[in-house]
Amino acid sequence: MEDFVLKKIISAEDISCKVKELAKTIKSDCNGGSLLFVGVLKGAWMFMADIVRYLDMPLEVSFIAVSSYKDGTSSTGVVRLLWDSDISMEGKNVYIIEDIIDSGLTLQHLKKLFSVRNPKSINICCLLDKPSRRVVDLEPDYTGFTIPDEFIVGYGLDYDNKFRNLKDIHKLKFLSRGK
């Protein structure tokens, strides 16, 4: 494995507090009707599990898998649907749960895909936002933390499918590649 350094930038305690706060805000904003939370795999699974645990109300949960990465750190800009949600979105308040937003291309694609399924509403909830990397006009409805343009891992986020299990969020710096 390559030489790297991990630097903690968001603690597990801060994440937990933010997830509780986001759930409380979502609950107060709910305008009635059926709720469907759709987690974007693989990165959002941990965030999604935590946020729905704090919502003591009827809701449905589903997942979708998309990919736009070619080598683990850089996006191709082309979003590929790998696995689709199997739950109807018709008439429901849909919450897309995403680990991180950078270019916004993935979420723009998902909003278009979901909008033809006739939901009552589509809301985006992300744990992390990198607005400096945005290439499309898209803003999340709910944001945990705004972060600088650094490569991060932990709490579900990965590099080459590693580091997802870290309880804190870390900046990942490769010593051999200067990242």
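Please treat every number below as a calculation from the coordinates, not as lab data. It should be emphasised that the depicted structure is a prediction, and the values quoted were computed from it without experimental measurement. Here the Cβ positions follow ideal geometry from the backbone for every residue, glycine too, while neighbour counts run over all protein chains shown.
General remarks:
- Helix 12-29 and the longest principal axis of the Cα set of the chain meet at an angle near 20°.
- With helices as the sole contributors, the chain gives -6500 deg cm²/dmol at 222 nm; each DSSP H run of n ≥ 4 counts as -39500 (n - 2.57), and the sum is divided by every residue.
- Extended-chain gain in nm, criterion 0.36 nm per residue less alpha-carbon gap, Arg53 and Val116: 19.8 nm
- Note on Lys8 and Arg134: their simple-model spin labels are 3.1 nm apart, each label 7 Å out from Cα toward Cβ.
- Within region 13-150, antiparallel bridges make up roughly 15 percent of the DSSP beta bridges whose residues both belong there.
- Extension gain (nm, one decimal) between Asp86 and Ser68, 0.36 nm per residue minus Cα-Cα: 4.3 nm
- Options Ser103, Ala65, Cys126, ranked by Cα towards positive dipole end of region 43-179, top entry (Cβ charges): Ser103
- Contour minus Cα-Cα distance for Phe174 and Lys20 (0.36 nm per residue): 52.2 nm
- Size of charge dipole - region 1-111 - debye, nearest 20, with Cβ of Lys, Arg +1 and Asp, Glu -1, no other charges: 140
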